[in-house]
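The structure appears below as structure tokens.
Quick note: the coordinates plus some simple rules give every number you see, no bench work behind them. As the structure is a prediction and not an experimental result, all values here were calculated from the model. Please note: Cβ atoms are built from the backbone with ideal geometry, for glycine as well, and neighbour counts cover all protein chains shown.
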Amino acid sequence: SDGRTVLSMALVEANTVGLIQALDLEGLEWLPLPTNFAIVLGLVAPGASRNPAHGVWAGVHVGDDRLLSTDNFRCSWAELKETMARPGTSFKPFVIPARAAVLIASMPGLESWAATASWAHFMDGNGAVFSSRLLGGEFPVDGVMALFPEGGEEWELPEALKPALERAMVMATSLDGGMEYISIRRDGPDIVVVGERSAGSVTDRVPAGE
């Protein structure tokens with residue numbers, strides 16, 4: 001070394017090693033993960049609160065056939081292509097913290113999962129495992145799904161909506177990277193997209209088409 005480069009590394013604390021050993025990954029029952037799990041998780045996670053004090057509202061609810069999130073102002077849900085549990089077996093829903101959900105959604109090649117009373121684990125094809133503590137409490141599943149009644153009018157989103165959403169996201173993103181306010185509504189023949197934060201707002205009107 002020429003004395004100009006210094007590398008400092010923190011040692012793994014003993015309690016961290018003990019925690020990993022206590023997870024007992026080899027003793028878990030691993031199940032196939034739905035093929036679109038990571039995609040759906042990435043779509044639903046932004047709807048959760050970023051404030052840990054909000055309890056289960058700061059997480060993504062993992063049900064047997066769908067994922068849900070809410071921060072008590074907005075709600076998101078999406079269906080999984082396959083069920084989390086094996087056909088004919090029971091499944092106990094759990095809630096993943098939103099921050100962990102974003103990281104899990106970004107992991108490529110996830111293939112299987114396992115869970116205990118307080119942890120959820122996800123494994124890729126190479127055997128790498130990402131583990132997350134679970135949030136305790138009762139998630140308002142019925143309340144969220146009641147906001148999405150079956151039936152109603154359906155319409156296809158126009159291609160021009162994408163750049164409008166991108167502009168709204170830029171305006172609505174705060175300095176800490178959080179999203180402050182985006183609204184999308186139907187107004188006659190148009191879709192109105194608004195991105196807003198304390199510094200200002202941007203509004204686009206996009207023809208909804210047929």
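Within a Cβ distance under 15 Å of residue 54, other residues only, what is the Lys/Arg minus Asp/Glu net charge? Could the numbers behind the result be given before it?
On the way: positive: 50, 74, 99; negative: 71, 138.
That sum, taken over residues with Cβ under 15 Å, equals +1.
Starting from the Cα of residue 74, step 7 Å along the direction of its Cβ; do the same at residue 90; then give the gap between the two resulting points in nm.
Distance between the two pseudo-spin positions: 3.6 nm.
In 5 Å bins starting at 0, how do the alpha-carbon pair distances of segment 76-166 split up by percent?
Histogram of Cα-Cα distances, whole percents per bin: 2, 9, 14, 19, 19, 14, 11, 9, 3, 0.
Quick one: length gained pulling residue 126 to residue 31 fully straight, 0.36 nm per residue minus the C-alpha distance?
Details: separation 95, 0.36 × 95 = 34.20 nm, distance 1.54 nm.
Result for the pair: 32.7 nm of gain on full extension.
When Lys and Arg each count +1 and Asp and Glu each count -1, what net charge do the other residues less than 12 Å away from residue 79, Cβ to Cβ, add up to?
Values: positive: 66, 81; negative: 64, 65, 82.
Combined, the nearby Lys, Arg, Asp and Glu give -1.
Spelling out what I want: for every residue of segment 137-145, take phi, set θ = phi - 60°, compute 6.51 cos²θ - 1.76 cosθ + 1.60 (Karplus), and round to whole Hz; glycine and proline get x.
Residue by residue, segment 137-145 yields x, 8, 7, x, 4, 4, x, 5, 5 Hz.
Could you give the length gained on full extension between residue 146 and residue 24, defined as 0.36 nm per residue of separation minus the Cα-Cα distance, in nm? Write out the running numbers ahead of the final one.
Details: separation 122, 0.36 × 122 = 43.92 nm, distance 3.87 nm.
This chain segment gains 40.0 nm when fully extended.
Share of Cα-Cα pairs in segment 54-210 beyond 24 Å, in percent?
Values: 6017 of 12246 pairs.
Across segment 54-210, Cα pairs with separations above 24 Å total 49 percent.
Can you tell me the relative contact order of segment 19-141? Whole percent, Cα pairs under 8 Å, sequence separation 6 or more. The partial results should precede the final answer.
Working: 241 pairs, mean separation 33.3, N = 123.
Dividing the mean separation by the residue count of segment 19-141 yields 27 percent.
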